[in-house]
1. How about segment 135-147: which of its residues are at pLDDT 95 or above and either surrounded by fewer than 14 Cβ atoms within 10 Å (Cβ to Cβ) or farther than 15 Å from ILE184 by Cα (or both)?
2. Scan segment 206-224 for residues that are touching a helix residue (DSSP H, G or I) at 6+ places or on another chain (Cβ under 9 Å), surrounded by fewer than 17 Cβ atoms within 10 Å (Cβ to Cβ) and either under 19 Å from PHE161 (Cβ atoms) or in contact (Cβ under 8 Å) with a residue 40 or more places away in the chain (or both) and jot them down.
3. Answer yes or no as to whether LEU61 is under 21 Å from the mean Cα position of the chain (by Cα) and either among the aliphatic types (A, V, I, L, M) or surrounded by 11 or more Cβ atoms within 10 Å (Cβ to Cβ) (or both).
4. For segment 20-41, give me the residue count where each residue is in contact with a helix residue (DSSP H, G or I) (Cβ under 9 Å, 6 or more places away or on another chain) and outside any loop (DSSP other than H, G, I, E, B).
5. Give the residues of segment 64-77 that are closer than 25 Å to GLU38 by Cβ and loosely packed, with under 15 Cβ neighbours inside 10 Å, sorted by residue number.
6. In segment 25-35, which residue that is of a type in the set (A, V, I, L, M, F, W, C) and in contact (Cβ under 8 Å) with a residue 60 or more places away in the chain is surrounded by the fewest Cβ atoms within 10 Å (Cβ to Cβ)?
7. Filter segment 180-192 for residues that are surrounded by fewer than 19 Cβ atoms within 10 Å (Cβ to Cβ) and not in a loop (DSSP other than H, G, I, E, B) and give the result.
8. Among ILE108, ILE22, which is surrounded by 20 or more Cβ atoms within 10 Å (Cβ to Cβ), of a type in the set (A, V, I, L, M, F, W, C) and under 19 Å from TRP180 (Cβ atoms)?
Amino acid sequence: MTKPYKLYYTTKTFTTESTGLIPRIALEELGLPYEVEEVELSPSPPDWYLGLNRRGQIPTLAVGHNDGPVVHIAPSPAILLALADRHPEGGLLPVIWVERAKCYAALIDMVENLHARFMPLFTPERYSTQDTDAGSTSLASCRSISAYFAEMDQRLSRQSFVVGTGYSLCDIYFYVMVRWYLDISPSDGLTPFESFTNISAYCRRIEARGAVQASLQKDEISKISTHESSEIRTGTEIDFT
């Protein structure tokens, strides 16, 4: 590892998206030098990778630490928090602790109540034992994901970012969740994305950032298609407590 950070990721997974997009955007936002290595996970993670991440999770970020051993961090939420904590000057978390706490709460909320709801769609065999069970589980997941997006669309009608204090690591995470939504659309029970006009406008703001554009280019993936937007009002914060 010749640079202080090395990102292990794969493009061959349950979505068409690169699994490294979340940490890559964070690294680009912070202006940090890093290496990347794509990992072949099929039919199973190689032994050398399990030596870095015993669960075979992807992505993993290798972090150089002075003269000490390299530290391997996963999954993506942990990578975001570790980078924001190690490089506070990058502004991925607010300085004031109350605002930081709101970001922590928002990130955990997305991990528990949004990210987790995608999993039965991507890996149905883990959540059902029969085809009929898989169908009902998939429908329930789509409905709950749509409900979460509807709630977030309302929030983004009152503020410009996931947490009202400004752009943060929460926006990196939610932006990629939006890409997942489009990856599974259309699906039974899933609200058409065009209905979420405030999220559409939000994504255009996120994609205007240089770090996001650089990350998309390096991962060779396109921007989210533009959708009809509504006027965005700013200034009101959402309480994640």
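The values are calculated or read from the model by the stated rules, or taken from the named source; none is laboratory data. Please read all numbers here as calculations on a predicted model, not as lab measurements. Ideal geometry is used to build each Cβ from the backbone, glycine not excepted, and the neighbour counts take in all protein chains shown.
1. ALA147
2. GLU207, GLY210, GLN213, ALA214, LYS218, ILE221, LYS223
3. Criteria met by LEU61.
4. 12
5. Matches in segment 64-77: HIS65, PRO69, VAL70, VAL71.
6. Checking each candidate, the answer is LEU30.
7. Across segment 180-192, the qualifying residues are LEU182, ASP183, ILE184.
8. ILE22
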